[in-house]
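J.: I have a structure here, written as structure tokens, and I will follow up with some questions on it.
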Amino acid sequence: MSKSEPSAANHGIKRKRPRSDGPNSSPLAAKKQKLLQSRQKLPIFSRARDIRSLMSKHNVLVLSGETGSGKSTQVPQFLLESRWCTGKIAITQPRRVAAINLARRVAEEMGSPLGSASPASKVGYSVRFDDNTSPSTRIKYLTEAAS
């Protein structure tokens, strides 16, 4: 008997099994996969292991790279993924728009709500007159004036 043929057990109702196309079968999973692919294309992504290793051994690390290389979005995530990094991660930005947009982008990449939108938020920002963090915020983007 095929999967969609009626039987006495299902009272003559034809039922089809839900189709699963693997890990990308939902729009959310597809979006997450697309974000991961865009992260992997950033120049800094290939250096993630080196950055984690150096940060585990040194309190200060100076990174230099071109604009758009992933320094502000990826390094905080590399640190958060490291077992030894148990505190909060602060990233200063010269302008409020940059701090807010970076926080939004990283929250999206991590699949985390932004700031005070949820008590489970891992990413937030704090700029003059606007603190959008929660007690669970681990990555915080801020302007130098808000620090």
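Bear in mind these aren't lab numbers, they're just calculated from the coordinates by the rules spelled out. Please read these numbers as outputs of a predicted model, since none were measured by experiment. Cβ atoms come from the backbone with ideal geometry, glycine included; neighbour counts cover every protein chain shown.
J.: Restricting to segment 86-102, count the residues that are under 15 Å from the mean Cα position of the chain (by Cα) and more than 22 Å from LEU61 (Cβ to Cβ).
T.: 2
J.: What residue, of THR67, THR92, is among the hydroxyl-bearing types (Ser, Thr, Tyr) and touching a residue at least 40 places away in the same chain (Cβ under 8 Å)?
T.: Unique residue meeting the criteria: THR92.
J.: Same structure, new question: All but one of (1) in a loop (DSSP other than H, G, I, E, B); (2) farther than 26 Å from SER46 by Cα; (3) in contact (Cβ under 8 Å) with a residue 24 or more places away in the chain; (4) not acidic (Asp, Glu) hold for SER136; state the number of the condition that does not hold.
T.: (3)
J.: Where residues in segment 82-102 are β-branched (Val, Ile, Thr) and not in a strand (DSSP E or B), which of them is surrounded by the most Cβ atoms within 10 Å (Cβ to Cβ)?
T.: ILE100
J.: Please determine whether any residue of segment 103-119 is of a type outside the set (Gly, Ala, Ser), more than 17 Å from the chain's Cα centre (by Cα) and not in a helix (DSSP H, G or I).
T.: Looking through segment 103-119, none of the residues is of a type outside the set (Gly, Ala, Ser), more than 17 Å from the chain's Cα centre (by Cα) and not in a helix (DSSP H, G or I).
J.: Being surrounded by 12 or more Cβ atoms within 10 Å (Cβ to Cβ), in a helix (DSSP H, G or I) and in contact with a strand residue (DSSP E or B) (Cβ under 9 Å, 6 or more places away or on another chain): is that true of LEU79 here? Reasoning before the result, please.
T.: Values: surrounded by 12 or more Cβ atoms within 10 Å (Cβ to Cβ): yes; in a helix (DSSP H, G or I): yes; in contact with a strand residue (DSSP E or B) (Cβ under 9 Å, 6 or more places away or on another chain): yes.
Here the answer is yes, as LEU79 does meet what is asked.
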